Amino acid sequence: MKNKSLVIITFLFLLFTAIACEKILPPAPADEDVLAGTIPGLTAQQEKEHLIGDAAFAKIFTAAEGLGPIFVQNSCSNCHVGNGKGHPSTVVTRYAHVNGSKVDYLLSKGGPQLQQKSIDGYLAESLPSEVNVFTKRLAPAIMGLGYIAALHDQSILANADSLDLNGDGISGRPNYVGPTSFFIAQDIHIAINGHYIGRFGKKAEKVMIQDQVVFALKQDIGITSDFDMEDLYNYELGVYAGDNIADPEASASFVNSLVFYMRTLKAPPRRNESDADVMAGEKVFTQIGCASCHVSTFTTSESDIAALSNQTFHPYSDFLLHDMGVSLDDKYPEGSANSNEWRTPPLWGIGLAEASQGGLFLLHDGRATSFETVIALHGGEAASRRAAFLALSEAEKAQLIKFLKSL
Amino acid sequence: MRYLLLSIILFFPALMKAQDSTLIKRVPQDTSRLIMNSDVMYNRPFLIIGKSPIAIGGYLEANTQYMGTDGVTDGFSFQFRRFTLFFSSTISKRIKFLSELEFEEGTKEINLEFAAMDLELHPFLNFRGGVIMNPIGAFNQNHDGPRWDFIDRPLSATTILPSTLSNVGFGVHGKYFAHNLSLAYELYLTNGFDANIIDNTDNRTSLAAGKSNPEKFEESNSGLPMTTGKVALKHRKYGEIGLSAMLGVYNKWKLDGVVIDKQRSVSAYAFDFSTTIANQTTITGEIAVVEVDLPSGSAPQYGAQQWGCFVDLVQPLYKGSVLNFEKSKINACFRFEYADYNVGTFTETSGAIGDDILTIVPGFSFRPSGQTVLRLNYRYHWQHDLLLNPPALTSGLQFGFSTYF
């Protein structure tokens, strides 16, 4: 009897372990299918730093830690889901009162960005009654930003042609913006009248990654930092006080970790590069002039992160502003960028967008759900390229789109 | 306080050793009546020390696991889940007192789960007051580790309903017997949840996040009581079903007498059942729904509605002597569970909102005695993020035990 039961137990245990162990852990998705991971060549210390930044990026802020009092979302990764592009439900709204050429960002009423959420016991912001224009912005992917940050201004200027002297119909121009209070110019920057070339943001209005991080912490999450100590508050309440959490709510090292994280996220990986259709699609992309703005290749300058120095990368962007025509004109000028001007968005990683966005949502506000719609909405400087696309055979169109999906 | 508790724990093994001496006696359990979920608290293995009027009991739970998500694993871990002590005393024939203290993950969290007095006016009308268990769902009332064949508590009972949930309050309960049937009811007013249910690091609506307010023993965040009620019906042959509801307000709608927001409601509903088929297979399950009145802007990150369910199947495979444990049992068990933390669609895209998890847990349990269980579980999760991207896969093996002492 005793032996019999021992045998039963052992048998069951072995059977169970055998079944379970065969596939005990789910497999990892292929490297090329995920928007995560570090650039090649980092030191062990840098890898560790990256992980600290990763945690900061995923950190969920609560009221007890200074969230708000008014805010858009409580975490970076709520909008930049899985480091990829965002979802229409997390767009940010910016507003203004525009009268002819005069733009009032309603700074004394809580402008320019709307914080439609609030912590318990505080009133959320609503659009001031004067608002007559507002824009919605979908969060972009944040992969490979370190390479873009390590570009020399000269590399960006090389593609600028604001007067279209070469007559290709494309007149990209750099956006020169005033630097933030914490900006320290490096060798890569070329100043004009104290202004520097912006390379981040949909209107190229941020010079450095850090500018966007400090802005996002405050305007998106309501978190003050060593670089911006003033908390948000609801102007409607007439009480010029934020939450009751001591400022800064995030330290300089927290901000630096976030910056380091984004500088060291690898470039989005490519898939099916050598597929015949994909290669044919890339040719079409170049032939019909998409590449006039979506420039494929750049090389970085020297960087304090050795792995980012003198690296060739393929963002498919020129980081310049272009007039995109009436369909994409959101009537909302920002800084020196007109309301119809947008920075060419990098196309790398666009093939993986769908797997992080819970669908496909393209263009600055996520209005387009297919590549065909995106191209159909390309106007202004890109109008001739749109026409060239529409004139393609169905097979060529399919190849072009297959190429985009391989990015 | 902490040291006092620690010394009790250290002292305890000594008591356990002495268990078969005449100093410590097991309190015989009343098995003549139909035991319902609402009675389990008093129907635990208790020990009495000498002539002390206090009976003492408790259980502990520990396990090891090897789990991984999408190919990434943190390796092996050993987890000391919880150690719970209960003390009960019969003050007079119709006045009883019971308390339950829980230590989670070592001494990281010490919770007074229960500390209440019961005064019997009539079997159908008892008064209960103190720190009481809110009778929402059956798991909350009947959660002792050794009673379950699975290492993890059910998700719908911990992440939709916040087991274990107890609050300061009072109310009435009672039971009515007729032939093979018994009917039980409970109705309590207690302190309620706070706004952490929609402001927390889980980043989703979570009643569990709103229950841990350190001031909950002193005040209700909203200044209003929360009502919890349950009715349950048990048939000696067919099993037990229960219906419960919990209704309250969670936000600070009034500050120093000034109304600053509308009263925002939080409500939970649960249906539970348990039955034994052919005197053998037990099926236990629960369905829970939570509804929260959200301030504008909280959706869609935080859901206005959540629901979850679990079904446990336990099939005895063998009863008899194993390794000289005369009355041991070996069971095969299977759990299916699902939780949707955010029911609804995105207004912007009309697409469905994700944030859900589906789990299956096959396993075996070995019960060398009625009070101890060894468990081997295999878990597999499919978890969607808010945007309904392809699910993250988690799986792994767990082995552990739980025992009353």
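We did not get these values from a lab; they are worked out from the coordinates using the rules stated. Small disclaimer: the values here were computed from a predicted structure and weren't measured. In this analysis, Cβ positions are derived from the backbone assuming ideal geometry, glycine residues included, and neighbour counts consider all displayed protein chains.
Structural remarks
- Taken over the alpha carbons of the range A:245-299 as equal point scatterers, the Debye sum produces base-10 log I(q)/I(0) values at 0.23, 0.25 Å⁻¹ of -0.98, -1.04.
- Using a cutoff of 8 angstrom between alpha carbon atoms and counting only pairs six or more residues apart, the relative contact order for chain B works out to 13 percent.
- Translational diffusion coefficient (Stokes-Einstein; Kirkwood radius from C-alpha pairs) of the range B:230-329 at 37 °C, 0.692 mPa s, in µm²/s: 188
- Highest-fluctuation residue, A:Thr300, A:Thr43, A:Thr135 considered, GNM on chain A with Cα pairs under 10 Å: A:Thr43
- Filter on A:Lys202/B:Lys252; B:Lys93/B:Lys230; A:Lys202/A:Lys283; B:Lys211/B:Lys319 - keep pairs with C-alpha separation over 31 Å: A:Lys202/B:Lys252; B:Lys211/B:Lys319
- Environment charge of A:Asp104, counting only residues whose C-beta is closer than 14 Å and scoring Lys/Arg +1, Asp/Glu -1: +2
- Relative contact order (percent, whole number), the range B:211-345, Cα cutoff 8 Å, 6+ residue spacing: 16
- Relative contact order (percent, whole number), chain A, Cα cutoff 8 Å, 6+ residue spacing: 20
- Springs join every pair of Cα atoms under 10 Å in this Gaussian network model of chain A, and among A:Phe57, A:Phe371, A:Phe182 the largest mean-square fluctuation is at A:Phe182.
- Per-residue ellipticity at 222 nm computed for chain B from its helices equals -1500 deg cm²/dmol, with DSSP H segments shorter than 4 residues left out and the rest contributing -39,500 (n - 2.57).
- Between the range A:106-149 and the range B:325-403, the alpha-carbon center distance in angstrom: 39
- Centre-to-centre separation between the Cα atoms of the range B:285-318 and those of the range B:206-252: 14 Å.
- Listed by chain and number, the aspartates and glutamates whose C-alpha is less than 15 Å from the C-alpha of B:Lys96, apart from same-chain residues fewer than 8 away, are B:Asp39, B:Asp118, B:Glu120.
- The range A:334-370 residues near the modelled A:Val326 label - backbone nitrogen below 17 Å, point 7 Å along Cα→Cβ: A:339-341
- In this simple spin-label model, placing a label point 7 Å from the Cα along the Cα-to-Cβ direction at both B:Phe325 and A:Glu273 gives a separation of 5.8 nm.
- Here the alpha carbons of the range A:276-406 define both size measures, Rg and Dmax, at 15.7, 48 Å.
- Cβ-to-Cβ counts within 10 Å put B:Met117, A:Met208 in ascending order as B:Met117, A:Met208, the fewest first.
- Residue of B:Ala339, B:Ala138, B:Ala352 that the Gaussian network model of chain B assigns the largest fluctuation, springs spanning Cα pairs under 10 Å: B:Ala352
- Per principal axis, descending, Cα span of chain A in whole Å: 95, 61, 40
- Quotient of C-alpha Rg and 2.2 N^0.38 Å, computed over chain B: 1.01
- As computed over the range A:108-236, the Cα convex hull volume per residue (Å³): 166
- Between the range A:223-250 and the range B:163-177, the alpha-carbon centres lie 44 Å apart.
- Average silhouette area of the protein assembly as shown, convex hull of alpha-carbon atoms, in square nanometres: 40.7
- Evaluated at q = 0.07, 0.11, 0.12, 0.17 Å⁻¹: base-10 log I(q)/I(0), Debye formula over Cα of the range A:44-263: -0.25, -0.61, -0.72, -1.35
- As a rough footprinting exposure proxy, the listed residues B:Thr201, B:Thr394 were ranked by other beta carbons within 10 Å of their own, and the order from fewest upward is B:Thr201, B:Thr394.
- Take each residue in B:374-382, count the other chain C-beta atoms within 10 Å of its C-beta, and the mean is 2.
- Remark: mean inter-chain Cβ contacts per residue of A:29-39 equal 1, using a 10 Å Cβ-Cβ cutoff to other protein chain atoms.
- Shielding of B:301-308 by partner chains, average beta-carbon count, 10 Å: 1
- Residue-averaged 222 nm ellipticity for chain A, from DSSP H runs of 4+ at -39500 (n - 2.57), nearest 500: -8500 deg cm²/dmol
- For B:Leu313, A:Leu51, order by how many other beta-carbon atoms lie within 10 Å, fewest first: A:Leu51, B:Leu313
- In Å, descending, principal axis extents of the Cα set of the range B:317-405: 64, 21, 21
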